[in-house]
Every structure is written in structure tokens, then in C-alpha cells.
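The values are calculated or read from the model by the stated rules, or taken from the named source; none is laboratory data. As the structure is a prediction and not an experimental result, all values here were calculated from the model. Don't worry about glycine lacking a Cβ; one is built from the backbone with ideal geometry, like all the others, and counts go over all protein chains shown. The protein model used for the area step is the full one, side chains on, heavy atoms only, and it has no ligands, DNA or RNA in it. Shrake-Rupley method; radii C 1.70, N 1.55, O 1.52, S 1.80 Å.
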Amino acid sequence: MSYESAAEPIKIGYLMDFLLPEGFPDTYFEDLTIPFKMVFEKALEEGVIDRSVEIIYREVEGLPKGSVKAVVDAYQELVDEGCLVIFGPHIGDNAVAIKEVLDERIQVPAISVTGSDDALGEWFFALPMGSHFDEPIFWTDLLVEGGYTEVGVLTEQSLVGEAYAKNFRKACRRRGIRIVAEAAIAQTAQDVSLAVRTLHDAKAQAIVHAGFGFGVVFVNPALAELNWDPPRFAGTAFQNAWINDVMWQALTGWTGLDQYDEGNPVGQAFLDEFERLHNRRPQWCVPVVNRDVAVAILHALVDAHPLSPRGVKEALERVKSIPAASGAPGTRISFGSWTRRGWMGCGYLVARQLEADGINSRLVGRFGEV
């Protein structure tokens, strides 16, 4: 290759702010990164971009099990390697904590799937896999649809859990639902027998879990001890079911919020291409969400002048009305000068339940349909 034709790859970072568990399936890990490679390699082949894109992956233990410092340090390492934009951090506690550091020191844009609006800022964008505000509203939609007027809440003791619970109380008041009991649980898998019994003794008709998700692990066994099988609802903690068999079993029997909708034609076209290239079809939320993140970044890289962190940040603000692969049909992606949260339309979340086979899930509802 001649001197005039050669160019370094454009670098983007992928920051996973929790350590994937031992035994995490290789195919699931591939589902995190392959969508980025597919989007960028296709763009290079078609001449949409004239340089390759290199994805630099970092995995650290942030909150709730680790520390914010580990996340900030990993972000800085990716910046030092030349990344122009970083996908992550994703957990609300870490995302909120890093916002000030981004604004005051690092100034390299982040795109995250955090549900925390408090993380959003000049350098922090989100295509959230849920929302601390939206999910509680959708829980009340599901409760009203099921005819449940008295509910118990299990709240993880964290920023995420408290944000969910606060907004759920407001949503319940608007819909005439009474919270008959609230019980605090740990962020990690601990004994929850007393908390579950509190809800049982209050005669809750249904259970809502508010939190990141690891606190739910022993809820089903505690219910079995009481011979109690109430309807139970989770937010996007439901998406943790794909981590391992423990989380799948923990969330079996729950209705949760998700972003995979088999009725979305953009998502199905993407999975058609995925299956053609890799001989399998990953029908869950992460591949389609990560495809959407990659497409948003691609639009920004093409439109960035100059190709610098600030150039990419300002180009992200010009990303408008891109059809999304995730969410219900019709979901789109748009940012703006003062718009940092990218999903347009309440259908970016759907309700699903897990199948007992440990592999599949089924759609049970879309939000915003009339």
C-alpha cells in the first residue's frame, strides 16, 4: 500500500463496567462486539467511510460490586489509546459518577445504555436500555392491565433502586395503585426471605422489583418457601437473564422490560445478515441495541469535522431520525444540541417473559399501542 493511501484506523472504546461471570458463553460475548464489526466493516466496503474502525475493549468491576475509580481509570486508558468516543459505562451508579470527570477533565464523548437521566450532559449521550423514569410508568401499565391495585416493592439499596422506587410511587399515585409494602434488599445476591415475607404479610397482589438485578436472585426460592406465586414485574433487570443460568432461573416467572421485538423489520433484517455471516441468529436485546449504537457512532464519524473527540460529539448532535433495530416497530434514533437521550417513541421498551427452556423469551406487550 502506498504512503498516500495508508491511514490509521479510527479507534472507539467499549467499556464494560462489570466483569462478565466465569462461564459466560462465548457466543454471548461475541454478540456484544460483532454488531459493531458488522456495521463498520459494511460501511468500509460500501465506501461510507474510507478508514477502518478499531474497537478497543475494556472490562472492569464498577459499582455495584466494584468501584467508580476502576471505571474512571479504564475510561482514561481508552482515551490515552486514542479513542474518539467510548461506549460505556452502562450502570447508572458509574455513569452518574463519571459525568463530572468527563465534563471537567476528559472531554471525550460517551454513549451509554444507562437508564439514568442524571448521567446525561455535554459529553454523555445515551441510548438507554430502559429508564428510571419510563420503566415505573410501564410497570403501572402492566399492573392496571392485569387488574392489580395493591402491590409490594423490593428495592435494591442503590442509586438505581431508589430512583426506580421514587418514580414508581409517583406513577402509582397517578394510576390509583396502592403500594402496600416496600422492603429494601441488597444490590447483590443475598438472603431476601424477610423482605419477601413482608410483602406476603401485607397481602400484596403483585411484586415489583426496583434495581439493577442481582438482588433478585433469591426471590423465587423465598416465594417457594411461602408457597406464594404472585405476578411479579421487573424492569430492564430482566435483561440480566442472559448472563448465566442463575439469572435465568431467578427471573423465570417474571414479566420484564426488554428491547428485543421480533416484529421490528429493521432488527430482523440485521439478524438475517448476522445469521448469513455467522450461522446463528441471536434473538435477544444486546445484538440489536449494539447495532443501533454502532450506527449512531458511524453517522457521527462520517460527519465529524475534524475527526476529534469534540468533532464526534458535535456530529452526534446531528444524528437524526435513524430507524432502530431495537424496540417496537417505528422506534428511531435522534440526538440534538440539548438532546442526549436518543430513543424516540415509547416503544423502545417492550414487555417479555422467559421460556422454561432457558433459551427463548416471548413478547407479551408493547407500550404506547392504542
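Below is a table of values for the structure above.
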| quantity | calculated |
| --- | --- |
| Mean projection area, nm², convex hull over Cα of the range 217-362 | 10.6 |
| With Cα atoms, 0 to 90° folded angle of helix 92-101 axis to the chain main axis | 40 |
| Karplus 3J(HN,Hα) series, Hz, for the range 33-45 with 6.51 cos²θ - 1.76 cosθ + 1.60 (x for Gly, Pro) | 9, 4, x, 5, 4, 4, 5, 6, 5, 5, 5, 5, 4 |
| 17 Å cut-off, amide nitrogen to a point 7 angstrom out along GLU145 Cα→Cβ, residues in the range 260-287 | 260-264 |
| Residues VAL364 and ALA224, FRET efficiency given R0 of 35 Å [Cβ-Cβ distance, rounded to 0.05] | 0.95 |
| Solvent exposure of the chain as accessible area per residue, Å², 1.4 Å probe | 42 |
| FRET efficiency, ARG276 to ILE56 (Cβ-Cβ, R0 30 Å, nearest 0.05) | 0.65 |
| Straight-distance crosslink candidates among lysines, where the alpha carbon sits under 27 Å from LYS37 and sequence neighbours closer than 8 are dropped | LYS11, LYS313, LYS320 |
| Sequence-distant residues sharing a close amide H with VAL85 (under 5 Å, placed H) | GLY13 |
| Relative contact order, percent, the range 130-277 [alpha-carbon distance under 8 Å, six or more residues apart] | 22 |
| Alpha carbon centroid spacing (whole Å) that separates the range 202-236 from the range 130-144 | 16 |
| Cα centroid separation, the range 56-101 to the range 312-360 (Å) | 22 |
| Separation of the GLU314 and SER337 label points, Cα + 7 Å toward Cβ, nm | 1.2 |
| Rounded to 10°, Cα long-axis angle of helix 159-175 versus longest principal axis of the chain | 60 |
| Candidate lysines - alpha carbon under 28 Å from LYS166, same-chain residues fewer than 8 apart omitted | LYS65, LYS69, LYS99, LYS203 |
| Within the accessible area of the chain (1.4 Å probe), percent carbon and sulfur | 50 |
| Residues ASP201 and LYS69, FRET efficiency given R0 of 45 Å [Cβ-Cβ distance, rounded to 0.05] | 0.65 |
| Net length gained if the chain between GLU122 and GLU30 were fully extended (0.36 nm per residue, minus Cα distance) | 30.0 nm |
